[in-house]
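As structure tokens, the structure follows; a few thoughts come after it.
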Amino acid sequence: MIKTAEEFQGALKKKIRKVTGEKIERASRHEQYLGLVEVLMDELSELWVESNDRHYREDAKLVYYFSMEFLIGKLLDQVLYAVGIRDLVESGLQGFSISLNDMLDEEKEAGLGNGGLGRLAACYLDSMAALGISGHGMGLRYTHGMFEQQIVKGNQVEVPDDWLSDAFSWEVEKPTRSVVVRFGGHVRGEEVEGRWVYFHEGYDAIRAVPYDVPIVGMENGQVNTLRLWRAVAMRDMDIDAFHRGEFIEAVRHQSEAEAISQILYPNDQSQEGRILRLKQQYFLVAAGLETIIGRFVGRGGELSRLSESVAIQINDTHPALCIAELMRILIDEKGMDWESAWEQTKNTMHYTNHTIMPEALEEWSYETMKNLLPRITMILDEIHRRDRIENPELDSMMEWGKIKMATLSIIGSRRVNGVAKLHTEILKEELFAARYQKNPDQFDSITNGVSHRRFLIGANPNLSRLISEKVGEDWKKKPELLQCLTDYSEENGFLDQLHRVKQGNKEELAAIIQRQLNILVDPNSIFDVQVKRIHAYKRQLLNILHIMHLYNRIVDDHAQEMVPRTFIFAGKAAPGYYYAKRLIELIHAVSEKIEANPKSRDLIRVVFMPNFNVTLAERLYPAADLSEQISTASREASGTGNMKFMMNGAVTIGTLDGANVEIYREAGWDNMFIFGMKADEVLRYYRDESYHALEEYQKDPRLKRVVDQLINGFFERRVGAFQPIFDSLLLENDQFFVLRDFAEYMETQQVVSRYYRDSYRWNRMQLANIAHSGFFSSDRSIQEYAARIWRLGGKS
């Protein structure tokens with residue numbers, strides 16, 4: 001390991017000369033960055049090998065985390081911090097007149113995820129490495145990510161995310177570890193030496209090539225692996241077709257194969273899109289499991305004891321085919337009987353449910369599954385048949401020509417967990433009530449967490465330094481020690497320091513907004529932030545309607561005591577989600593309306609920051625005063641943005657939904673703003689269908705006014721654009737209760753303004769949120785998974 005700045009400088013000079021043939025002074029900034037990463041990868045390689053060898057020597061149980069996305073963000077700063085050489089490297093770079101900040105800016109963010117699901121997976125990998133757990137990720141290497149979001153005339157436009165246009169220097173290609181994944185064809189069975197054997201024939205073979213990315217533990221020598229798979233055609237271009245002039249047909253197979261790892265979450269509005277998604281899911285589990293079983297057997301493992309040495313976590317239903325695929329490997333390739341294979345499969349698999357939203361509980365067409373994965377379908381048929389015999393009274397895994405992946409995940413997993421207390425209760429009492437009653441010990445609740453190393457220590461260094469000055473450095477490895485800050489809640493000098501840190505972060509964000517969007521915002525205003533995937537149940541619309549109400553108050557000259565606010569939005573809409581795209585357009589339309597009126601723009605501003613990603617998040621969370629967590633109660637499983645805001649001192653305004661319930665428990669009712677319907681009220685309305693949106697609309701003239709403005713020409717340049725939003729509220733009966741919660745939300749926002757005027761009261765609320773955020777570290781979550789789900793410390 002490099003020990004001095006001089007040693008680092010020597011290594012960097014050699015690396016850049018090797019890469020470019022030039023002296024370091026003549027290398028471009030990007031070449032300097034590439035050289036820096038190569039130096040670090042050399043440093044990590046020995047630790048990486050030693051970590052793997054150590055866990056095999058100790059016969060430690062291996063954890064594999066399967067997820068369709070890993071939103072890992074930039075890695076350079078995290079690696080420098082974890083290895084403990086950040087100051088050394090910064091000093092060494094300064095000797096060459098190179099700024100570390102320039103190197104950090106040079107890094108592109110990996111396009112491997114989109115939202116909370118992928119960021120959670122990345123936080124969990126970070127925590128496993130930090131805690132010394134041998135836990136590895138399995139994902140896909142998307143050539144173009146999900147998409148890069150651009151805003152053109154107020155509308156989202158999707159363009160490819162070309163994050164791989166230059167080399168991704170943190171990855172190591174392992175072509176010799178490639179495996180073959182099979183699609184289509186047919187299955188032939190025959191008796192061989194007294195047992196029934198299945199042969200998969202006429203299939204389309206695609207090569208899965210692995211790329212390994214190091215996940216580095218904080219100053220503990222642990223380096224785990226995120227393995228990403230790329231799809232490569234096994235057949236060359238059809239040269240005869242090419243010479244016949246059939247150019248598209250000549251490369252059809254290559255294009256279809258490579259499409260599997262091109263884009264995260266391809267639009268599934270078409271049958272072709274749905275087939276591609278299913279291909280992606282099976283490609284991931286088949287490639288990943290082939291590697292896991294091959295490595296296990298190659299190290300002398302006994303398959304009859306697989307579950308004692310391996311734990312597999314299914315992150316939502318996307319990798320649910322792990323269950324059927326592991327059965328296929330154990331039976332078809334390893335010769336196990338069904339009962340033995342099922343025992344090992346069920347005790348190896350664990351399922352995390354992330355949603356109760358019907359459209360997100362995946363179901364696949366039986367015919368599509370059968371055509372694409374004939375042997376897997378046979379295994380699913382047998383799992384279903386046996387479950388019907390054993391549990392005839394429970395919900396069926398297959399019905400109406402559909403295969404329910406959540407039900408498969410429960411049937412085939414040892415443990416099933418929700419991701420917040422309320423969410424788990426809904427799973428047990430509503431969604432999977434019968435299966436919970438049959439097997440209550442199978443279900444558990446583990447509240448999500450976030451990496452405090454990235455989202456507090458890395459994203460907010462000034463706040464981190466201030467915390468360490470007061471309580472020492474131990475909180476960085478034991479974030480629960482943040483609660484020691486409560487001892488200073490009445491110390492006005494410390495509260496002033498806390499305010500100055502927040503103000504500095506707001507000024508930095510204001511500069512970014514002006515530079516990127518040419519919008520001048522007031523850092524002394526309330527920074528009111530809602531950043532998350534654009535979706536109806538997350539209720540960006542409720543926020544927007546409140547802003548429209550404030551605008552109306554201003555133009556009516558009823559804003560004498562209004563506290564200035566800057567409303568900041570960010571998030572992507574799925575390419576096929578028309579309603580969400582209209583919400584983005586509405587945010588921009590409201591912003592334009594406010595900017596056009598001198599009276600309103602002095603009091604409120606609306607900013608939409610395009611292409612939300614980890615890098616942008618790391619600037620938004622530290623600068624936020626108010627965290628908007630306003631989803632319809634019972635709809636949000638957990639949320640993790642709420643935790644990141646809390647760690648950085650933002651005060652939550654929200655419903656009692658998801659992990660807001662735990663924030664309420666930890667921070668206390670007097671340190672957040674709660675409003676709206678409770679989960680039991682929402683669920684009751686859904687059951688008895690007694691809600692009438694029209695009544696809510698008609699009884700409140702303030703609400704009626706803003707809803708009417710969606711379609712009455714108020715937005716002169718966008719006549720008709722927001723009819724779908726209007727229709728969702730009245731013709732579709734406001735299924736997420738925006739109208740029902742509007743009045744209470746508006747009144748609660750008035751309380752926010754009143755509290756913000758009292759700076760010391762607000763600063764104490766910020767401090768309370770920071771002090772009680774240690775519970776929401778992903779380290780705590782992973783410790784609970786290790787003990788209760790994966791049984792790393794014994795049986796549970």
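The values are calculated or read from the model by the stated rules, or taken from the named source; none is laboratory data. Keep in mind the model is a prediction, meaning the values are calculated, not measured. Cβ placement follows ideal geometry from the backbone for every residue including glycine, while neighbour counts extend to all protein chains displayed. Remember, those area values only see protein heavy atoms, side chains included, never the ligands or the DNA or RNA. Shrake-Rupley method; radii C 1.70, N 1.55, O 1.52, S 1.80 Å.
Observations on the model:
- Residue that is touching a residue at least 60 places away in the same chain (Cβ under 8 Å), hydroxyl-bearing (Ser, Thr, Tyr) and open to solvent by less than 20 Å² (accessible area, probe 1.4 Å), where the choices are Ser489, Ser464, Ser413: Ser413
- Enumeration of residues in segment 706-715 that are buried (at least 16 other Cβ atoms within 10 Å of the Cβ) and in a helix (DSSP H, G or I): Val706, Val707
- Matching helices (runs of 4 or more DSSP H) fully within segment 393-493 where at least 1 residues are under 20 Å from His350 (Cα atoms) and either within 27 Å of the chain's Cα centre (by Cα) or of a type outside the set (D, E, K, R) (or both): 405-411, 421-426, 433-438
- Selection within segment 666-678 - more than 24 Å from Ser781 (Cα to Cα), outside any loop (DSSP other than H, G, I, E, B) and of a type outside the set (Phe, Trp, Tyr): Asp670, Ile674
- Criterion (within 21 Å of Leu545 (Cβ to Cβ), touching a helix residue (DSSP H, G or I) at 6+ places or on another chain (Cβ under 9 Å) and open to solvent by 40 Å² or more (accessible area, probe 1.4 Å)) met by exactly one of Arg718, Arg635, Arg702: Arg702
- Cβ-Cβ under 6 Å pairs, at least 6 apart or on other chains, segment 775-786 side closer than 16 Å to Leu482 by Cβ and in contact (Cβ under 8 Å) with a residue 24 or more places away in the chain, far side open to solvent by 10 Å² or more (accessible area, probe 1.4 Å) and not in a strand (DSSP E or B): Phe775/Glu666
- Residue match in segment 418-431 (condition: open to solvent by less than 10 Å² (accessible area, probe 1.4 Å) and more than 27 Å from Asn613 (Cα to Cα)): yes
- Asp734 vs. criteria touching a Gly at 6+ places or on another chain (Cβ under 8 Å), within 21 Å of Ile630 (Cβ to Cβ) and either surrounded by fewer than 16 Cβ atoms within 10 Å (Cβ to Cβ) or not β-branched (Val, Ile, Thr) (or both): no
A quick yes/no check of all residues on (1) crowded, with 20+ Cβ neighbours inside 10 Å; (2) at pLDDT below 95; (3) not acidic (Asp, Glu):
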{"position": "Ser255", "(1), (2), (3)": "no, yes, yes"}
{"position": "Glu258", "(1), (2), (3)": "no, yes, no"}
{"position": "Pro266", "(1), (2), (3)": "yes, yes, yes"}
{"position": "Gln269", "(1), (2), (3)": "no, yes, yes"}
{"position": "Gln281", "(1), (2), (3)": "yes, no, yes"}
{"position": "Val285", "(1), (2), (3)": "yes, no, yes"}
{"position": "Gly288", "(1), (2), (3)": "yes, no, yes"}
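- For segment 679-693, the criterion of being among the polar types (S, T, N, Q) and more than 24 Å from Leu431 (Cα to Cα) is met by no residue.
- Residue list for segment 669-690, filter: farther than 30 Å from Tyr755 by Cβ and either surrounded by 15 or more Cβ atoms within 10 Å (Cβ to Cβ) or of a type in the set (Asp, Glu) (or both): Leu683, Tyr685, Asp688, Glu689
- Applying the criterion of being in contact with a strand residue (DSSP E or B) (Cβ under 9 Å, 6 or more places away or on another chain) and either among the aromatic types (Phe, Trp, Tyr) or assigned to a helix (DSSP H, G or I) (or both) to the residues of segment 57-80, the residue that is most open to solvent (accessible area, probe 1.4 Å) is Gln78.
- The listed residues are Leu541, Leu583, and the only one of them that is open to solvent by less than 10 Å² (accessible area, probe 1.4 Å), in contact with a Ser or Thr (Cβ under 9 Å, 6 or more places away or on another chain) and more than 28 Å from His499 (Cβ to Cβ) turns out to be Leu541.
- Options Leu112, Leu93; residue that is under 26 Å from Ser261 (Cα atoms), at pLDDT 95 or above and open to solvent by less than 20 Å² (accessible area, probe 1.4 Å): Leu112
- Top-ranked residue of segment 554-580 - restricted to ones that are of a type in the set (D, E, K, R) and touching a strand residue (DSSP E or B) at 6+ places or on another chain (Cβ under 7 Å), ranked as least open to solvent (accessible area, probe 1.4 Å): Arg565
- Candidates Gln749, Gln735 - the one that is assigned to a loop (DSSP other than H, G, I, E, B) and touching a residue at least 40 places away in the same chain (Cβ under 8 Å): Gln735
- Residue pairs meeting the criteria (Cβ under 8 Å; at least 6 apart or on separate chains; first within 17 Å of Ile331 (Cβ to Cβ), in segment 380-406; second hydrophobic (A, V, I, L, M, F, W, C) and surrounded by fewer than 19 Cβ atoms within 10 Å (Cβ to Cβ)): Glu382/Trp338
- In the set (1) surrounded by 23 or more Cβ atoms within 10 Å (Cβ to Cβ); (2) on the phi > 0 side of the Ramachandran plot, the condition left unmet by Gly335 is number (1).
- Of all residues making up segment 511-535, the number that are part of a helix (DSSP H, G or I), closer than 22 Å to Ile584 by Cα and without any contact (Cβ under 8 Å) to a residue 60 or more places away in the chain: 2
- The single condition among (1) under 27 Å from His452 (Cα atoms); (2) part of a helix (DSSP H, G or I); (3) touching a residue at least 12 places away in the same chain (Cβ under 8 Å) that Lys108 does not meet is (2).
Listed here are the residues, each with its yes/no results for (1) outside any strand (DSSP E or B); (2) hydroxyl-bearing (Ser, Thr, Tyr); (3) open to solvent by 70 Å² or more (accessible area, probe 1.4 Å).
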residue: Gln156; (1), (2), (3): no, no, no
residue: Trp163; (1), (2), (3): yes, no, no
residue: Arg182; (1), (2), (3): no, no, yes
residue: Tyr198; (1), (2), (3): no, yes, yes
residue: Arg207; (1), (2), (3): no, no, yes
residue: Tyr211; (1), (2), (3): no, yes, no
residue: Ala231; (1), (2), (3): no, no, no
